[in-house]
Amino acid sequence: MNSSPQIILQGIKLKRKGFMLDVNCQFNNKITALIGENGCGKTSLLRLIAGLEKPETGKISQSEQVFCDIKKRAFIKAKYRNIGMVFQTPRLLPHLNVLKNISLSFSQKISIEQMGMIENLGITHLLDKPVGGLSGGEAQRVALARAMIRNCSILLLDEPLSAIDVSGKEGLLDYFTKVLPLLNIPVIYVTHSLEEAGRVASDFMLMHNGKIILHGDAPTVLSQYGKARHDGIVSKLSGNVMKLGSDKIATMSIGKQQAQVMGMGLKIGAKCSLNLWARDIILASQIVKNISARNALSGKIVNIKNLANGQVEVVLDIEGQQVSAIIMARTIKEMELVIGQEIFVLFKTLAVQPY
Amino acid sequence: MADVYDIVLLTLKVGFVGVLGALPFALLFGYILARWDFWGKAILSAIIMLPLVMPPVVTGLILLDLFGPNGILGQFFAQFGIIFAFRWTGAALAAGLVALPLMVRPIRQGFEAVDDELYEALSVMGQGRWKIFILLDLPTALPAILAGIILGFAKALGEFGATITFVASIPNETQTLSLAVFSALQQPDSALKVLILVSLSIALSVISVVGSELLVQKISDKIKGRGK
């Protein structure tokens, strides 16, 4: 796999309502999840790469090709950039049927290989249907087929699941996890769902207020995420799926301990991760019986950090993995918590989405 | 009755040719006004609307000045054997000119309704402006374009002032339905002829307007993906 940067953005500035996009970054042949709150500039960044926006300053290039260099007054139009893009909404032409919509981005006859891609997306039976009658999930699959059929050199996915219901989401996420790693091109996946990002991407890029504050592999970014945004501290716990119960609860092993999680989409023996939000975690100095939180993992306090507004981040070690919890400073005093102390980490099965 | 038949045929011919000739200009101006921003856009829009608000007699006089035997454009077209003055072609030109503003308005609105998001999606897919016009602008604006054509045609059928000034009322050459009604009114004992011509005028107008409504509805359904 070629790991040299494929897309380079240098000194890019773009004024937008509410923020100034100001980025320097690189993307290689990996799947990068671009995360951050609404209106932080994620979509603008994609549009700059696609050629749908022109920056005020800076340079964007892909491999040897310069997409845009403001100093040299160079700007390659969107139509020449060979990019596949899926938007938040499908953006299909309403007067054409599914097949014609897919063929729009592709001038030659559809090959058997491409037919296989259409089949994998589960839309073969829809090819001669008008797009007006498609469900949100089906329409987005068609949009994805349209983007992927042209052997593009960059794939941009702008919150592709945001307009789809839960059942449609699950299927497409499965497709993404299987197919995107095989493309071997830069894939940028914009989302504000960490669950989605964790399932699809290997790299995370976190944006805030028009700037990129973190970029790296998923665990690194996730572990630093809290430092970047106190109220959104999230930790990742990984393990293996051991059992799938008929009541939709799966048991996963985390080191020597076990956790119960929602079992949808999991397979026995497979690796599995959880994103734990620091505010969702309850700490207990002893096992509590008759409580609706189904999980109590034992861990050790490795650090206690003061945050603003009378809050404290307690960093815990659970089977060699670090997890953060946010509690009130007064609780620390009342529970007499200290570094090195053994403690139980409680969370609800429903509070975590395994992937 | 044979001359009534000829009058209707001539009226339809003048209307069709006039609207057909005006259509490329209506599409061009409609598209430019809808999609481009440039200095003088309001002025261009106003000039196109002029034949709608100007007294038709004035429009006829201007046509006579420009396209008459001594007019610059009249002499230019005469080189190719196209003569407008006192010919049915002149009636078609007058009809097309007064129809133009009525055609441009809905066509412009049709192009304005084109979804910018679809435009972007198509450009990312590698389509150029001309291809996008064929794939997106034209189909989206089609009901509006049809509405414009019908509206223009209806206006062209009833054109009177500019026509009579520019090409006079010559039976079998420039005497369309409305000119024929006017001319019949001035003859004695022509009540029946006037009645027939007036009824035909009303019938033509009703047919074109109702027909266009049905057509626009059907095409609009198809474009929105509701058709079979």
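Brief remarks on what is shown
- Solvent-accessible area per residue in chain B equals 52 Å², computed with a 1.4 angstrom probe and all protein chains kept.
- Using alpha-carbon coordinates, inclination of helix B:191-223 to the longest axis of chain B, degrees: 10
- In the range A:248-293, the alpha-carbon atoms span a convex hull of 117 Å³ per residue.
- Helix runs (DSSP H) in chain A reaching 15 Å along axis by Cα, Kyte-Doolittle at least -1.0: A:136-148, A:166-183
- Average accessible surface for the range A:255-355: 56 Å² per residue, computed with a 1.4 Å probe over protein heavy atoms with every protein chain in place.
- Modelled label positions at B:Leu12 and A:Gln10, each set 7 Å beyond Cα in the direction of Cβ, lie 7.0 nm from each other.
- Every helix of 4 or more DSSP H residues in chain A counts as -39500 (n - 2.57), and over all residues that averages to -6500 deg cm²/dmol at 222 nm.
- Over the protein assembly as shown, the fraction of Cα-Cα pairs per 10 Å bin, rounded to whole percents and listed from the shortest bin up, is 3, 13, 18, 17, 14, 12, 9, 6, 5, 3, 1, 0.
- Using a Gaussian network model of chain B in which every pair of alpha carbons under 10 angstrom is joined by a spring, one finds that among B:Phe166, B:Phe38, B:Phe182 the greatest mean-square fluctuation is at B:Phe38.
- FRET efficiency for the A:Thr331 to B:Met49 pair, using the beta carbon distance and R₀ = 56 Å, is estimated at 0.15.
- Separation of alpha-carbon centers, the range B:132-187 and the range B:1-70, rounded to whole Å: 9
- Greater than 24 Å apart at Cα, pairs in A:Lys169/B:Lys218; A:Lys248/A:Lys348; A:Lys77/A:Lys129; B:Lys131/B:Lys155; A:Lys305/A:Lys333: A:Lys169/B:Lys218; A:Lys77/A:Lys129; B:Lys131/B:Lys155
- Helices in chain B, meaning DSSP H runs of at least 4 residues, each add -39500 (n - 2.57). Divided by all residues, the mean residue ellipticity at 222 nm is -25000 deg cm²/dmol.
- Distance between the range A:322-352 and the range A:67-126 - C-alpha centres, whole angstrom: 49
- Rough spin-label spacing in nm, given labels placed 7 Å along Cα→Cβ, for A:Asp317 and A:Met115: 5.9
- Protein accessible surface hidden between A and B, which excludes ligands and nucleic acids, total in Å², probe 1.4 Å: 1700
- Each label was represented as a point 7 Å from its Cα along the Cα-to-Cβ direction; for B:Leu28 and B:Ser190 these points are 3.9 nm apart.
- Prolate/oblate/rounded call for the range A:11-148, Cα gyration tensor, a/c under 1.5 rounded: prolate
- Max mean-square fluctuation residue, GNM over chain A, Cα-Cα springs under 10 Å, options A:Gln26, A:Gln322, A:Gln108: A:Gln108
- Pairwise FRET efficiency - A:His192 versus A:Asn303, Cβ, R0 = 25 Å, nearest 0.05: 0.35
- Annotation: extensible slack from A:Tyr175 through A:Thr124 equals 16.8 nm (criterion: 0.36 nm per residue apart, minus Cα-Cα distance).
- Karplus-derived 3J(HN,Hα), 6.51/-1.76/1.60, for each residue of the range B:151-164, Hz, glycine and proline x: 4, x, 5, 4, 5, 5, 4, x, 4, 9, x, 5, 5, 5
- Result for chain B in a Gaussian network model with C-alpha springs under 10 Å: among B:Ile72, B:Ile83, B:Ile62, the largest mean-square fluctuation is at B:Ile72.
- For the segment A:48-59, counting C-beta atoms of other chains within 10 Å of every residue's C-beta and taking the mean gives 1.
- Calculated FRET value between A:Met262 and B:Arg87, using beta carbons and R₀ = 56 Å, to 0.05: 0.10
- The apolar share of the surface of chain A, taken as the fraction of accessible area on carbon and sulfur atoms (1.4 Å probe, ligands and nucleic acids excluded), comes to 50 percent.
- On the range B:2-223, 71 percent of the accessible area sits on carbon and sulfur atoms, based on a 1.4 Å probe.
- Under 19 Å of direct C-alpha separation, and excluding same-chain neighbours fewer than eight residues apart, A:Lys42 reaches these lysines: A:Lys13, A:Lys15, A:Lys17, A:Lys30, A:Lys54, A:Lys59, A:Lys211.
The values are calculated or read from the model by the stated rules, or taken from the named source; none is laboratory data. Not measured: the values here are computed from a predicted model. Cβ sites come from the backbone with ideal geometry, for glycine too, and all protein chains shown count toward neighbours. Just so you know, the surface numbers come from the protein's heavy atoms only, side chains and all, with ligands and any DNA or RNA stripped out. Shrake-Rupley method; radii C 1.70, N 1.55, O 1.52, S 1.80 Å.
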